[in-house]
Amino acid sequence: MFVKRSLKLFIPGFILLLAVAIVCFLLFVVNPDTPVRWTYKVVNTFAHDPKAFTQGLVFEDGFLYEGTGLNGRSELRKVELETGNILKTYKLPDEFFGEGITVFGDRIIQLTYQSNVGFVYNKETFELLSEFSYPTEGWGLTHDDKYLIMSDGTPMLYFLDPETFKQKHKVMVIDQNSQVWGLNELEYIDGEIYANVWPTERIVKIEPETGRVIGWIDVEGILAPQDHSEPVDVFNGIAYDAANRRLFVTGKFYPKLFEIKLIPAK
Ligand SMILES: [Ca+2]
């Protein structure tokens with residue numbers, strides 16, 4: 001009799017516990033909103049100008065294009081990946097603090113930090129073709145097939161018409177329930193937006209349509225202690241060689257630029 005009564009209590013309790021466990025599993029383990037965690041492996045190391053305050057980085061047609069910042073030191077550069085040699089330079093007037101760049105067709109577009117002005121250059125000659133304005137600060141810049149995609153250090157990403165530079169729409173970047181502040185240098189890779197998160201050694205992967213965070217890449221310690229002999233600033237700069245599926249990262253004043261492979265974190 002006693003055993004039977006215990007069983008009667010035990011079985012519903014067990015079922016309840018099992019149901020709670022299944023709900024927790026679904027919510028926290030297989031929840032599609034849970035970002036995927038990534039770590040990295042360095043597969044190649046290249047020289048990077050330690051005087052470059054990297055604000056924009058692109059790989060296009062076998063070369064790196066880099067936008068650097070700081071007033072009086074801001075440039076647009078074409079750089080040979082293998083050597084770090086600077087092949088072409090355009091120096092911005094001293095009043096401008098250069099920011100993100102992207103290559104769109106035969107043009108290079110460059111933002112500035114707090115001047116509310118962007119510059120458009122001929123990709124081959126670096127001739128300044130035109131200027132445009134925008135109401136926010138300028139941080140990172142990349143593009144998909146249709147739009148320029150811009151960050152301003154807030155959790156917002158702005159999608160601009162690449163001809164008129166007018167804002168078409170924007171998304172807020174949300175990691176489950178939290179806004180992600182400090183979105184900095186950007187790269188559009190295989191339908192996802194990768195963004196440096198200032199001032200961390202992390203890259204966030206974003207779903208462009210919604211702003212939902214789909215992954216985090218932790219590259220903490222990528223620059224070895226012996227490479228800090230000269231002062232360096234923060235990790236910043238993502239470029240992608242789509243033809244060869246190579247991912248490059250660097251930082252402001254970093255003496256090195258890394259090709260990395262992403263590895264799922266344990
Ligand atoms: Ca980039």
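Apply the Debye scattering formula to the chain, with a single equal point scatterer on each alpha-carbon and no solvent, then give log10 I(q)/I(0) at q = 0.08, 0.13 Å⁻¹.
So the normalised log intensities work out to -0.36, -0.80.
Residues with beta-carbon under 15 Å from that of Y40, excluding Y40: net charge, scoring Lys, Arg +1 and Asp, Glu -1?
Here the charged neighbours net out to +4.
Quick check on segment 143-200: take the gyration tensor over C-alpha atoms, sort the square-rooted eigenvalues as a ≥ b ≥ c, and tell me if it's rounded (a/c under 1.5), prolate or oblate.
Prolate, since a/c reaches 1.5 and a/b exceeds b/c.
In Å, what Kirkwood hydrodynamic radius results for segment 215-266 from the alpha-carbon pair distances?
Kirkwood hydrodynamic radius for segment 215-266: 12.2 Å.
Of the peptides 93-103, 37-47, how do they stack up when ordered by the mean number of other Cβ atoms within 10 Å, highest first?
Ranking, from highest mean packing down: 93-103, 37-47.
Kindly put S74, S151, S115, S178 in sequence by how many other C-beta atoms sit within 10 Å of each C-beta, fewest to most.
S178, S115, S74, S151
What's the magnitude of the charge dipole for the chain around its Cα centre, counting Lys and Arg as +1 and Asp and Glu as -1 at the beta-carbon? Answer in Debye, nearest 20.
1540
So what is Rg over Rh here for segment 42-171, counting just Cα atoms and using Kirkwood for Rh?
0.95
Where does helix 2-28 land angle-wise versus the long Cα axis of the chain, in degrees 0 to 90, nearest 10?
That works out to roughly 10 degrees.
Using mean Cβ contacts within 10 Å as the protection proxy, how do 216-222, 127-133 order, highest first?
216-222, 127-133
Among H143, W38, G153, whose Cα sits farthest toward the positive end of the charge dipole of the chain (+1 at Cβ of Lys/Arg, -1 at Cβ of Asp/Glu, about the Cα centre)?
W38
Please give the net charge around D218, taking every other residue with its beta carbon less than 15 angstrom from that of D218, where Lys and Arg add +1 and Asp and Glu add -1.
Result for the neighbourhood of D218: +3.
What does the charge count around F132 come to, taking other residues whose C-beta lies under 13 Å from its C-beta (Lys +1, Arg +1, Asp -1, Glu -1)?
Cβ neighbours under 13 Å give a net charge of -1.
FYI, it's all coordinate maths here, none of it is from the lab. Note that the coordinates shown come from a computational prediction; the quantities given were computed from them, not determined experimentally. No Cβ is skipped: glycine too gets one built from the backbone with ideal geometry, and neighbour counts run over all protein chains shown.
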